[in-house]
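J.: Here you go, one structure.
Derivation of every value follows stated rules applied to the coordinates shown; laboratory data play no part. Computed from a prediction, not measured in an experiment: that's the story for all the values here. Glycine gets a Cβ as well: all are built from the backbone with ideal geometry, and neighbour counts include every protein chain shown.
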Amino acid sequence: MSGIANVMSAPEYMQSNGVDTLMDQAFTDMYRNGTTLSYLGPFSYDYYRRFGYEQVFENLKITMPFTKLARYSKPSMGRLKRYKYSQAQDVIGDLFASVNTSGTVARKTWWWKNLALWYPDDLLAVYYDATDEVRGYMRYAFHNGTFIVQDMYYQTPDTFLGLIHFINKHRSIIKILLLIQQIRILELIIFPRIQQMLKSKLSQPKWLESLILKSSSLIIQCKLIILSQSI
């Protein structure tokens, strides 16, 4: 698998198919190297569909008032420890690799280091069970009064309760909770009306369409981005 990123050309070459030339060369190199899959997160469906790319997965973003977050008691077993995100590979690298099923590529050491440089303010909350084994983690950050959960994974009920209890400890200083990616939101909320955005990794939306989702007797008012093209 090969990734493509930061495709651009100088302004004076924008009308001379400079990007097309770069893409053609990239495909030639990948073919010669025996690459069977190319992966990217472009700015437009239409543009990269010309080269044969198509949607593979979606991103979920949910914004909710902190007061709507369910309160859970702290588990009697296990412990939570905070780290800088620059320590992530050493602490959760093996766990991440074993449960990475959301479309993210396998992370080499250089990629973990790049993420730490790109997101220097991100933090990591890691939950350990009674035997001191890592059972889950949460990557998070603070921004303008918002608690941002970038990624969260848990293997046991106690891990889930421990992570949510940790989030709730910030209730007095944080007003908004932003959840990103594949987080089981129905377990987090106590009030069903939230703002939800389903945003494709590979597109700019054509229009928004209101949608009502029903699950576990909850009705969630959300917005779903619909593509104009059939896929």
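J.: Write out the GluC sites (Glu not before Pro) in the stretch 1-88 meeting two conditions: DSSP loop, and at most 16 other Cβ atoms within 10 Å of their Cβ.
T.: For GluC sites (Glu not before Pro) across the stretch 1-88 that sit outside H, G, I, E and B with at most 16 neighbouring Cβ atoms in 10 Å, the list reads Glu54.
J.: Follow-up. Work out the length of the dipole vector of the stretch 59-191 about its Cα centre, built from +1 on the beta-carbon of each Lys and Arg and -1 on the beta-carbon of each Asp and Glu, and round it to the nearest 20 debye.
T.: Its charge dipole is roughly 420 debye.
J.: Another question about this same structure. Find how much the distance from Thr131 to Arg32 grows on full extension, using 0.36 nm per residue of separation minus their present alpha carbon separation; answer in nm with one decimal.
T.: Full extension from Thr131 to Arg32 adds 30.8 nm.
J.: Exceeding 25 Å between C-alpha atoms, which entries from my cross-link table qualify? They are Lys113/Lys169; Lys74/Lys108; Lys61/Lys169; Lys68/Lys113; Lys74/Lys113. Kindly include the intermediate steps, with their values, before the conclusion.
T.: Working: Lys113/Lys169 29 Å; Lys74/Lys108 34 Å; Lys61/Lys169 22 Å; Lys68/Lys113 35 Å; Lys74/Lys113 33 Å.
Pairs exceeding the cut-off: Lys113/Lys169; Lys74/Lys108; Lys68/Lys113; Lys74/Lys113.
J.: OK, next. So what are the radius of gyration and Dmax for the Cα set of the stretch 59-191, in Å?
T.: 14.3, 41
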